[in-house]
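The values are calculated or read from the model by the stated rules, or taken from the named source; none is laboratory data. All values derive from a computational prediction rather than experimental measurement. A quick note on method: Cβ atoms are made from the backbone with ideal geometry, for glycine too, and the neighbour counts reach across all protein chains shown. Surface areas here come from the heavy atoms of the whole protein model, side chains and all, with no ligands, DNA or RNA. Shrake-Rupley method; radii C 1.70, N 1.55, O 1.52, S 1.80 Å.
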Amino acid sequence: IAHGAIGAPISLFWRTGGGLLNNGCHGIDLFRWMLGDPAWTGVIAQVERTTNRYERGLPAEDKAAAIIRFEGNHELVLEVDMLGEERAQTSYQLCGPEGVIKADFHNATMLNGEQKAWQDLELLPQPSPLEELIAWMEGGPEHRNSGRRAVVTEEIMMAVYESARTRRHLQPPFDKLTSPLVEMVTDGTLAVDEPAYDIRSEAALNYERTRGRV
């Protein structure tokens, strides 16, 4: 991508499972990192919650879909649990004016104007988050998931929920400090009258029960 094999990325389609806050965040992080961390310019989204689903003690939607636009007319199409969590394998398709890259955690292929068939790409080993953190502390490059970057991802995800809550296209500035998803669960919009379950940590859910939040 950095060497222009597909031209400047235009759009990314990211499909995953396990909830927006849990795994959808990685698609947002990835696309912003590829583009040099541009600001977001608009979000339109929808969520569904028909089961009393939690993720590490936080309310979670059953399905989410969003279109997120960034400066430079880049666009991220985000799909979370649309096929059901048990069938959702994280994958993405990155499109540019000169070609397409398809990838998951195990394989990557590319098609561009210089070739007539899909070409396998080598997936190079990446440093662990801890290794990156240590390198950063020792004067190396800024961590790819530094707080400065992560807070933008968090803002975008809250904008996804707010777009679904208000049923409108949302643009920055966005400075709401509470979760619109929690708001929809609390006010009854997405409340579900059945036992709560947690897709990641029953211990976290039980802790929230002791605090009276579930």
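Run the accessible area of the chain with a 1.4 Å probe and give the carbon-and-sulfur part as a rounded percent. Spell out each step's value before the answer.
Working: 6470 of 12130 Å².
C and S fraction of accessible area: 53 percent.
Residues whose amide H comes within less than 5 Å of that of residue 17, counting only those at least five positions distant or on another chain, are 81, 90 (H built at 1.01 Å from N in the peptide plane). With no solvent and one point per C-alpha, what does the Debye sum give as log10 I(q)/I(0) for the range 24-146 at q = 0.11, 0.12, 0.13 Å⁻¹? Scattering profile of the range 24-146, log10 relative to I(0): -0.53, -0.63, -0.74. Helix 25-35 and the longest principal axis of the Cα set of the chain meet at an angle near 30°.
Taking a probe of 1.4 Å, how large is the accessible area per residue of the range 1-48, in Å²?
39
Taking other residues whose beta carbon is less than 15 angstrom from the beta carbon of residue 123, and scoring Lys, Arg as +1 and Asp, Glu as -1, yields -2. Normalised per residue, the accessible area of the range 143-195 is 58 Å², obtained with a 1.4 Å probe and no contribution from ligands, DNA or RNA. Mean projected area of the Cα convex hull of the range 4-58, taken over all directions, amounts to 5.2 nm². Taking the inverse of the mean reciprocal distance over all distinct Cα pairs, the Kirkwood hydrodynamic radius of the chain comes to 18.7 Å. Sites count as exposed loop sites when they are GluC sites (Glu not before Pro), lie in a DSSP loop, and have at most 16 other Cβ atoms within 10 angstrom; the longest stretch of the chain without one is 143-214.
Quick one: compute the contact order of the chain, relative version, from alpha carbon pairs under 8 angstrom and 6+ residues apart, as a percent. Present the calculation step by step, with values, prior to reporting the outcome.
Values: 384 pairs, mean separation 60.8, N = 214.
Over the chain, the number comes to 28 percent.
Remark: the range 129-134, residue by residue, has Karplus-estimated 3J(HN,Hα) of x, 5, 4, 5, 5, 4 Hz, where x stands for each Gly or Pro and the curve is 6.51 cos²θ - 1.76 cosθ + 1.60 at θ = phi - 60°.
Cross-link partners of residue 102 among lysines, defined as those whose alpha carbon lies under 21 angstrom from its own and excluding same-chain residues fewer than eight positions apart: 116.
Could you compute the net charge surrounding residue 90? Neighbours are other residues with a C-beta less than 11 Å from the C-beta of residue 90; K and R count +1, D and E count -1. Let's see the in-between values first.
Working: positive: 15; negative: 79, 104.
Net of charged neighbours comes to -1.
For the range 99-177, the alpha-carbon coordinates run over 46, 40, 20 Å along the three principal axes, in decreasing order.
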